[in-house]
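Worksheet for the structure shown next.
All of the numbers you see were taken from the coordinates with simple rules; none came from a lab. What you are looking at is a predicted structure, and each value in this text was computed from that prediction instead of being measured. Every residue, glycine among them, receives a Cβ derived from its backbone with ideal geometry; neighbour counts consider all protein chains shown.
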There are 2 protein chains.
Amino acid sequence: MIDRLTERIEQLNNPAVVGLDPTLEMMPSGLRREMYERFGRTPKAVGEMFAAFNRTIVDSVSDIVPAVKPQIAMYERYGLDGVSAYLRTTDYAAARGLLVIGDVKRGDIASTAEAYAAHLAGVEVEGERFDPWKEDAVTIHPYLGADSVMPFVDACKNFGKAVFVLIKTSNAGSGDIQDLRTAGDAPVYARVARLVSEWGRDCIGTRGYSRVGAVVGATHKETGAYLRSLLPHTFFLVPGYGAQGAGAEDVRGFFDAAGGGAVVNSSRGITAAWLKRATGSGGGDSVSLRDVGQAARDAAIEMRDRLREVIA
Amino acid sequence: MIDRLTERIEQLNNPAVVGLDPTLEMMPSGLRREMYERFGRTPKAVGEMFAAFNRTIVDSVSDIVPAVKPQIAMYERYGLDGVSAYLRTTDYAAARGLLVIGDVKRGDIASTAEAYAAHLAGVEVEGERFDPWKEDAVTIHPYLGADSVMPFVDACKNFGKAVFVLIKTSNAGSGDIQDLRTAGDAPVYARVARLVSEWGRDCIGTRGYSRVGAVVGATHKETGAYLRSLLPHTFFLVPGYGAQGAGAEDVRGFFDAAGGGAVVNSSRGITAAWLKRATGSGGGDSVSLRDVGQAARDAAIEMRDRLREVIA
């Protein structure tokens, strides 16, 4: 998957990923009204809004970005109807030729991790394999150690997928545990980084990057550059661009000398771009999904162009 | 929730929790055949098996144990049909008076954690609150720090729920990160333990335990006793009993002097107890759900009696 991702990034000359993290507040009021009329004021209605909204975003950016990254928490929040919207989103994005990075942040002991690895491997029922999740990669936690990660690594090898292990996250509290100094003075995240590198050692692709990648937050500029030098074969998934405060200049150091080795995610900055335009126009009453898509497309192009400037 | 859990443990004189972690291999062949006939050899059929199987287990142990702990990975593996079985399981268990600990091991940055906290808080749609998950508590990862935990703590306070933060897990690889020595020589898990204690400081219930509990694996006997002394107000959820190798003697030190402050989970040891009996009887062809329930009930009573001996 990392080789395919790299190729797609080069074809499009764009290392940007669009985060599909819908909220009810992000839905234009016309869409809300329609779904409430059809399904009542229910989680089902919200799931239908999210699925329709995401189809619009996907259609608007599928020729611009190599991948989308739906954040499953935003869907799980609405129970089964939300999860259904998530699955329809991954299915639709995959059908439109986008790579899908499921931001699921799973992590559990070995036997359970094997079950979670079905996100990548699919599942067998009496000899027939099903792939309910349609994800090309997922994000996972490192806290439980090697045997919690290996089932995902095996799934990556066997099914051409990838996994991104959290090393240093973009949030303010990331330091509480990740920055603890270990006995040799290296922070915990640097020790995790070494482990991630080991875990991915024997699945390095033709482009020099392993199927075992890492999540490194854009909000930590120096850390990103440090980890880039420490991990020459580890592909980075970089959240925190845009709404979380980091800009193109901040992520320059996350890329390798050739401008490869990383994708940068923006969620609200793309999907909620229409809200900025609609301010003052009555809260989106007259906003169509077409307007939503156009604003997302414009924002995605702007992000692409900014990233091109810094990694050129 | 921790007060209610404590009361229920005292009423039943039993700190055992039954893990609902179904696998296809664990389904008796009669049940498999029935569901394959009705739904084809599909994830849907497996979800229906899991839901029926779990109803049997819940009915068989609801007057013996205070709580069940479904492991969501075993359901997610089968996609939407699996998640549907999970939700029907939590709903059914709650309706039968059991407390439900959702073993979901979520964890993400603040805004996303808020979405995940809907597992406990439910979700609002235009002013009306829905509770799709029916969980009284969930398990979460600590790696992202305080702001990833606080939305769950808030949900606990506002909705009478609890959260169990991973401190030291039961698996072999748990040492990779959790046992790293920090600068002051304390292992990472001990630093996490201190944080968990802080995070739960202002929601300690009438029985002396906080709504912010911890996961501490039964396979680490000494660590459990050490953490018990370190964390007098932190309730422990203790996995790893039975199939993972720990016995009643191993978990004695996880309890406080009064025999409180912890629940011990067994999954396969209870739910797959029928498989041991059925060995030699043709792989369960003649095994009914009633036999499955009886074997689970007997195993749950045996576990209860063993735990009573050591914490008496």
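List of remarks:
- Residue within region A:146-156 that is within 19 Å of residue A:76 (Cα to Cα), within 11 Å of another protein chain (Cβ to nearest Cβ), crowded, with 22+ Cβ neighbours inside 10 Å and out of contact with any Ser or Thr (no Cβ under 6 Å at 6 or more places or on another chain) present: no
- Residue A:262 vs. criteria under 30 Å from residue A:203 (Cβ atoms) and without any contact (Cβ under 8 Å) to a residue 12 or more places away in the chain: no
- Cross-chain or 6+ apart pairs with Cβ under 8 Å, region B:104-115 first and facing chain A (nearest Cβ under 7 Å) and farther than 19 Å from residue B:215 by Cα, then part of a helix (DSSP H, G or I) and hydrophobic (A, V, I, L, M, F, W, C): B:110/A:172; B:110/B:150; B:112/A:73; B:112/A:74; B:115/A:73; B:115/A:74
- Complete set of residues in region A:283-294 that are more than 20 Å from the chain's Cα centre (by Cα) and part of a helix (DSSP H, G or I): A:289, A:290, A:291, A:292, A:294
- Filtered residue count, region A:15-25, keeping only those that are in a helix (DSSP H, G or I) and away from every other protein chain (no Cβ under 11 Å): 1
- Residue A:226 of a type in the set (Phe, Trp, Tyr) and more than 18 Å from residue A:142 (Cβ to Cβ): no
- Residue match in region B:253-261 (condition: at negative phi and in contact with a Phe, Trp or Tyr (Cβ under 7 Å, 6 or more places away or on another chain)): yes
- All positions within region B:157-199 that are farther than 16 Å from residue B:230 by Cβ and acidic (Asp, Glu): B:176
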